[in-house]
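The values are calculated or read from the model by the stated rules, or taken from the named source; none is laboratory data. Remember, it's a predicted structure, so these values are computed and weren't measured experimentally. Ideal geometry is used to build each Cβ from the backbone, glycine not excepted, and the neighbour counts take in all protein chains shown. With ligands, DNA and RNA removed, areas are computed over all heavy atoms of the protein, side chains included. Shrake-Rupley method; radii C 1.70, N 1.55, O 1.52, S 1.80 Å.
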Amino acid sequence: MNGILHGLTSQILRDFAGFMQTNPSANIDMGCLLVRRIIDRLENPTIETIGTLYNSLAKERISNYGRILLHYYENKSWLHAEVSDEKGSQ
């Protein structure tokens, strides 16, 4: 029975991942929902902890991903980003 459930669960997750890749609006909505639920469950939500848990709910310590998000947040890098075309030239 476990093998059947595992196989079914794996297929459902693959189908869901495929759906999310082909539906940007649903992907964004689910990402926002996940972040909101993470924030609501943390006693003291910080950029580092939210980013760490968004990247991997199993983490128990701040990850590099969380630290990088804090760096971008503190520096507001998106306000200073240069736009480049698809070939990478500016």
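Heavy-atom accessible area for Arg36, with the other protein chains in place and a 1.4 Å probe, reaches approximately 120 Å².
For region 22-84, which GluC sites (Glu not before Pro) are both in a DSSP coil and crowded by at most 15 other Cβ atoms within 10 Å? It would help to have the intermediate numbers written out before the result.
Details: sites: Glu43, Glu48, Glu60, Glu74, Glu82; in loops: Glu43, Glu60, Glu82.
In loop regions of region 22-84 (DSSP not H, G, I, E or B), the sparsely surrounded GluC sites (Glu not before Pro) are Glu43, Glu60, Glu82.
Among the protein heavy atoms, those of Ser77 account for about 40 Å² of accessible surface (1.4 Å probe, every chain in place).
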